[in-house]
Amino acid sequence: MGVEASKTTSRSRNKTTRSRKARPKVLKSINPRTGEVVGEVPTMDPAEVAEVVEQARKVAPEWASIPPEGRVRLLRRVRYRLNEMIDEIVDVVSQECGKPRFEALGHDVLPPAIVMMELERTAPRILRSKRVGWMSGAVAPKLLSGTKSRIDLRPYGVVGAITPWNYPLTNAFLAFMPALFAGNAVVIKPSEVTPRSGELLRKILDPLPSGVATVIQGGGAVGAAMIEAPVDKIAFIGSGFTGSKILETAAKHLTPAVMELGAKDAAIVLDDADLDIASSGVLWGSFFNAGQTCCSIERVFVDDSIADEFEEMLLEKLARVRHENDPGSEVGSLTFSRQLDIVSRQVADAVDKGAQLVTGGPEAGPLNSKGSLWYAPTILRNVSEDMDVVRDETFGPVIQIVRVRDDDEAVRRANEGANLTVSVWTKSSAHVDAVATRLRAGTVTMNLHGETPAMPWGPWGGVGESGFGRLSGPQGLLEFVYPVHVVKPLGLMRRVWWYPYNEESRATLDSSTRMFTAPTLGKKLEAAKIFGANVGKALSSKF
């Protein structure tokens with residue numbers, strides 16, 4: 001049975017379902033370092049999802065009617081709940097995802113707090129109605145229309161968020177929190193791989209009014225049922241394969257979506273890079289969260305003139321990173337078995353086809369306990385286009401180092417893959433700008449990589465195969481509202497283009513068109529004279 005993220009009747013619904021089913025389905029929470037089952041969470045019957053969405057639809061208008069400042073005050077309680085639960089979050093996320101406690105704290109507690117603080121500060125201003133009256137822009141057309149306008153931003157209603165397992169709190173907050181601040185009710189389907197983290201979301205969101213934010217636990221069938229309900233907009237973070245399946249279903253209902261998909265992010269180390277900084281930054285940007293990050297580095301393009309020195313420094317620093325199947329490791333395990341299969345298969349395929357295994361791989365560190373999903377940080381060289389590791393997202397602790405002749409080759413090779421982020425490593429800001437304008441990515445960074453999802457003041461999202469739409473910054477809020485153009489006349493008056501059509505009306509329209517298109521002031525004045533002679537007669541002739 002699913003668990004709602006607000007004070008709803010979910011508990012009574014759970015009891016009803018359990019009385020109907022002697023053995024409700026459960027999701028098992030597994031510690032990927034040991035293979036041990038550390039918890040079980042009841043799942044929701046897909047048949048019940050439509051009821052949850054309908055409940056959210058009932059409360060959505062009331063939530064939307066609260067001014068943005070009022071929603072900020074209510075949502076601030078969620079940020080305070082994060083403070084109360086820091087230790088519990090770190091414990092659960094670290095154990096369930098296999099990541100170091102340091103990363104659980106820094107990547108799944110701190111970023112949601114920063115996201116909320118930024119939205120609390122900016123949402124009321126961004127969501128404010130904006131006047132576009134006749135005194136703005138091109139004045140003459142607005143005078144002719146005789147109107148004044150404003151643009152209101154209205155929430156869609158119910159947003160369905162489907163979120164992944166790699167950052168079970170941070171990615172969830174990125175997906176649904178802008179929707180809440182924008183005035184939508186949300187229904188959240190967290191990953192079935194990390195169900196205890198999904199329960200954390202429910203507890204964190206508990207201070208909100210009943211039905212405003214609901215967590216539903218389950219597998220793909222539960223997510224599909226939410227889309228079929230249907231919801232009014234979808235926010236999805238995950239793989240391109242799953243994203244395409246979601247879009248197929250959403251298309252049947254014409255449901256809009258924002259998609260943050262997988263990528264094969266590139267780092268470009270230019271010939272004028274500070275190699276000490278570059279090797280440290282690329283090292284972390286490649287292996288944090290065991291490479292299970294949509295924007296972690298998977299491809300490193302290094303100018304041939306400095307490649308030997310860069311590789312030497314990178315390997316020396318990797319040797320000093322604690323990376324073993326141990327709770328004290330600075331590189332955690334993979335989170336579930338499918339990722340280990342993908343990583344192992346891609347590395348084996350690359351080596352079989354001639355890639356050089358510089359370090360890591362399956363022989364680098366034996367799995368220290370039955371069921372462990374730990375895999376050593378791995379660096380490949382001499383890769384080629386026929387290798388799976390080059391073509392497909394790895395989502396694990398594997399990078400490939402590719403030597404390039406110059407900037408042009410680096411840009412070309414980087415653009416051959418899907419990028420959420422491309423980082424450029426150089427001492428020169430001008431050099432970055434010259435390269436950045438040619439890169440196809442949602443984010444381009446200088447001398448850092450993988451940090452920008454935690455910078456909610458800027459837009460976060462992809463382009464092409466890495467997704468569309470944005471989940472942060474002003475654009476992230478605007479994803480979850482639609483603009484309504486509200487138009488009022490300047491006074492009670494008939495319109496020149498109303499019935500009946502006559503010569504005075506034709507002359508008025510003809511002369512106004514000529515005023516707007518005339519190439520010289522003289523012709524504009526000539527047309528204005530005809531306009532003035534006919535507009536009054538045209539208006540007085542209308543029904």
Does segment 61-79 include one or more residues that are farther than 25 Å from GLU40 by Cα, touching a Ser or Thr at 6+ places or on another chain (Cβ under 9 Å) and of a type outside the set (Val, Ile, Thr)? no
Kindly provide the set of residues from segment 34-78 that are more than 16 Å from GLN217 (Cα to Cα), among the β-branched types (Val, Ile, Thr) and crowded, with 16+ Cβ neighbours inside 10 Å, ordered by number. THR34, VAL59, VAL72, VAL78
Going by what's in this entry, would ASP388 be described as closer than 29 Å to GLY98 by Cα and of a type in the set (Asp, Glu)? yes
In segment 240-256, is there at least one residue being within 18 Å of the chain's Cα centre (by Cα), among the basic types (Lys, Arg), crowded, with 24+ Cβ neighbours inside 10 Å and over 27 Å from LEU74 (Cα atoms)? no
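Considering only segment 525-543, how many residues are assigned to a helix (DSSP H, G or I) and crowded, with 16+ Cβ neighbours inside 10 Å? Show your work before the answer.
If we filter segment 525-543 for residues that are assigned to a helix (DSSP H, G or I), which is where we start, we get 525-540.
This time we only want the ones that are crowded, with 16+ Cβ neighbours inside 10 Å, so: 527-528, 530-531, 534-535, 538-539.
Residues that pass the stated criteria total 8.
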Being surrounded by fewer than 22 Cβ atoms within 10 Å (Cβ to Cβ) and part of a loop (DSSP other than H, G, I, E, B) is the filter here; which residues of segment 443-466 pass it? ASN447, LEU448, GLU451, MET455, TRP457, GLY458, PRO459, VAL463
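Among the residues of segment 21-53 satisfying the criterion of being of a type in the set (Asp, Glu) and closer than 21 Å to SER337 by Cα, which is modelled with the highest pLDDT?
That would be GLU40.
Restricting attention to segment 281-296, does a residue exist that is of a type outside the set (A, V, I, L, M, F, W, C) and more than 27 Å from LEU105 (Cα to Cα)?
To start, the set of residues in segment 281-296 that are of a type outside the set (A, V, I, L, M, F, W, C) comprises 281, 285-286, 289, 291-293, 296.
If we keep only those that are more than 27 Å from LEU105 (Cα to Cα) as well, we get none.
The answer is no; no qualifying residue exists.
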Return only the number of the condition from (1) within 25 Å of the chain's Cα centre (by Cα); (2) in contact (Cβ under 8 Å) with a residue 12 or more places away in the chain that LYS148 does not satisfy. (1)
Restricting attention to segment 190-198, does a residue exist that is in a strand (DSSP E or B), buried (at least 24 other Cβ atoms within 10 Å of the Cβ) and in contact with a Phe, Trp or Tyr (Cβ under 6 Å, 6 or more places away or on another chain)? no
Checking TYR501 against (1) part of a loop (DSSP other than H, G, I, E, B); (2) aromatic (Phe, Trp, Tyr); (3) at pLDDT below 95: exactly one of these is not met. Which one? (3)
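Based on what the data block shows, is ARG506 without any contact (Cβ under 8 Å) to a residue 24 or more places away in the chain, out of contact with any Gly (no Cβ under 6 Å at 6 or more places or on another chain) and over 30 Å from ASP232 (Cα atoms)?
Numbers: without any contact (Cβ under 8 Å) to a residue 24 or more places away in the chain: yes; out of contact with any Gly (no Cβ under 6 Å at 6 or more places or on another chain): yes; over 30 Å from ASP232 (Cα atoms): yes.
Against the criterion (without any contact (Cβ under 8 Å) to a residue 24 or more places away in the chain, out of contact with any Gly (no Cβ under 6 Å at 6 or more places or on another chain) and over 30 Å from ASP232 (Cα atoms)), ARG506 qualifies.
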What are the residues in segment 316-333 that are closer than 24 Å to ASP388 by Cβ, at pLDDT below 95 and in contact with a Leu (Cβ under 7 Å, 6 or more places away or on another chain), if any? SER333
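Scan GLY442, GLY450, GLY462, GLY458 and give me the residue that is among the small types (Gly, Ala, Ser) and on the phi > 0 side of the Ramachandran plot.
On the way: GLY442 fails: on the phi > 0 side of the Ramachandran plot; GLY462 fails: on the phi > 0 side of the Ramachandran plot; GLY458 fails: on the phi > 0 side of the Ramachandran plot.
On inspection, the qualifying residue turns out to be GLY450.
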Those residues of segment 200-224 which are of a type outside the set (A, V, I, L, M), in contact (Cβ under 8 Å) with a residue 40 or more places away in the chain, part of a helix (DSSP H, G or I) and surrounded by fewer than 21 Cβ atoms within 10 Å (Cβ to Cβ), in sequence order: LYS203
Among the residues listed as ARG470, ARG440, the single one being among the basic types (Lys, Arg), within 20 Å of ASN171 (Cα to Cα), buried (at least 16 other Cβ atoms within 10 Å of the Cβ) and in contact (Cβ under 8 Å) with a residue 24 or more places away in the chain: ARG470
Only unsatisfied item for ASN382, checking (1) exposed (fewer than 15 other Cβ atoms within 10 Å of the Cβ); (2) of a type outside the set (A, V, I, L, M); (3) more than 25 Å from SER466 (Cα to Cα); (4) at pLDDT 95 or above, is (1)
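The values are calculated or read from the model by the stated rules, or taken from the named source; none is laboratory data. Just so it is clear, the model here is predicted, and its values are computed rather than measured. Note that we place each Cβ from the backbone using ideal geometry, even for glycine, and neighbour counts take in every protein chain shown.
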